[in-house]
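What follows is a set of notes on a single structure, which appears directly below.
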Amino acid sequence: MKFIISLLVSCALLMPAVAVAADIEATNQWKNSSELGALQTSGNTRTLTLNAKTRISHTGRYLRDTFEAGAHAAMDHNNTTAEKYSASLQEDWKISERDYLFVRFSFNSDRFSGFRRRTSETIGYGRDLIINDGFKWNVELGGGLRQSKLTNKTSNNEGIIRGATRAQWQIVDSASLIQDITTEGGKSGWESKSVTALKQQINSHLASKISFSVEHNSKVPAGTKKVDLETAITLVVNF
C-alpha cells in the first residue's frame with residue numbers, strides 16, 4: 001500500500017505549485033479525478049492486484065496545467081509479479097483558441113519490463129482539432145531528451161521525438177469513450193502506448209471505468225517481452 005500513500009501525498013504537494021503557475025486572471029476551471037481498482041483472491045490461489053491513478057488539470061485564460069500519476073502492483077503468494085509507476089506534468093501555453101505550445105516532464109518505472117527508471121523532457125506544438133459538446137480531439141508533436149536506466153545496469157541518454165493524441169466522445173450524458181495514444185523514441189528504441197476507456201457516470205462525483213491498455217517497447221533487455229496488455233475496472237472519484 002506504500003505506493004498509494006506516496007501517490008496521494010505527491011498530489012497534495014503538487015497542487016499548490018500548479019495553482020501558482022496558473023494565470024491569475026484565469027477562469028479557474030479545475031478538473032480533478034482519482035481512480036482505484038483492487039482484486040484479491042484466497043484459497044487455492046492467493047493474489048493481490050492494485051491499480052491507482054490520478055489526474056489534476058487546471059485551465060486558465062492562457063495556461064493549461066495537467067498532472068497525471070499512476071501505480072500498478074501485483075503479488076502472488078507474497079511474491080511481487082508486477083510493479084509499475086508513472087508521473088507526468090505538462091503545461092500548455094495557448095497561442096490561439098485551438099493552438100498551443102507545451103513543455104512536458106515525465107517519469108516511468110517498470111522493472112518487470114526491463115526499465116528501472118526512465119525520464120524525459122519534451123517541448124512541442126499541440127492543436128485542439130475538434131472542440132464541441134459531443135466530441136473533443138487534440139494532437140501533439142514535439143521533441144526533447146530522454147534518460148533511461150535498465151535493470152541490467154546499463155543506461156543511455158538520447159534525443160527523442162514524441163507524438164500524442166487524445167479523443168473523447170460523449171456517447172450519452174452519462175457515458176463517454178476515451179482514446180489516448182502516445183509514442184516517443186530515439187536511437188535506443190520506441191515506447192508506444194494505447195489506452196481505450198469507457199467511463200460510466202454514476203452521479204456527479206462517482207463513475208465506473210473499464211479500460212484496455214497496450215504498451216509496446218521496440219527494444220527491451222533479453223528475456224523481456226516487448227508488449228504488455230492490461231484490462232482494468234476501476235472506481236473513479238471526481239472532485
I'd like the full set of residues that are among the hydroxyl-bearing types (S, T, Y) and touching a residue at least 24 places away in the same chain (Cβ under 8 Å), limited to the range 155-175.
T165, S174
If a residue has to be in a strand (DSSP E or B) and either under 22 Å from the mean Cα position of the chain (by Cα) or surrounded by 15 or more Cβ atoms within 10 Å (Cβ to Cβ) (or both) to count, how many in the range 141-156 make the cut?
10
So is K153 modelled with pLDDT under 90 and over 23 Å from S211 (Cα atoms) or not?
yes
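Is it the case that the range 69-82 has a residue that's in a strand (DSSP E or B), closer than 16 Å to Q147 by Cβ and among the hydrophobic types (A, V, I, L, M, F, W, C)?
Restricting attention to the range 69-82, the residues satisfying the condition of being in a strand (DSSP E or B) are 69-76, 79-82.
If we keep only those that are closer than 16 Å to Q147 by Cβ too, we end up with none.
No.
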Of all residues being more than 18 Å from I233 (Cα to Cα) and among the small types (G, A, S) in the range 192-222, which is modelled with the highest pLDDT? Just the residue, please.
S192
Considering residues that are closer than 20 Å to I123 by Cβ and either surrounded by fewer than 19 Cβ atoms within 10 Å (Cβ to Cβ) or among the basic types (K, R) (or both), the number found within the range 89-101 is 7
Six or more apart or on different chains, Cβ under 7 Å: which pairs go from a residue in the range 123-145 that's under 11 Å from R98 (Cα atoms) to one that's of a type in the set (F, W, Y)? Could you list them?
G126/Y100; G126/F102; L129/W137; I130/W137
Where residues in the range 178-191 are at pLDDT below 95 and either in contact with a helix residue (DSSP H, G or I) (Cβ under 9 Å, 6 or more places away or on another chain) or not charged (D, E, K, R) (or both), which of them is farthest from A167 (Cα to Cα)?
S188
Taking the range 20-70 and keeping only residues that are closer than 19 Å to S106 by Cβ, modelled with pLDDT under 90 and acidic (D, E), one is left with none
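The values are calculated or read from the model by the stated rules, or taken from the named source; none is laboratory data. The structure presented is a predicted model; accordingly, all values stated were derived computationally and were not measured. Quick reminder, even Gly has a Cβ in these numbers, built from the backbone with ideal geometry, and neighbours come from all protein chains shown.
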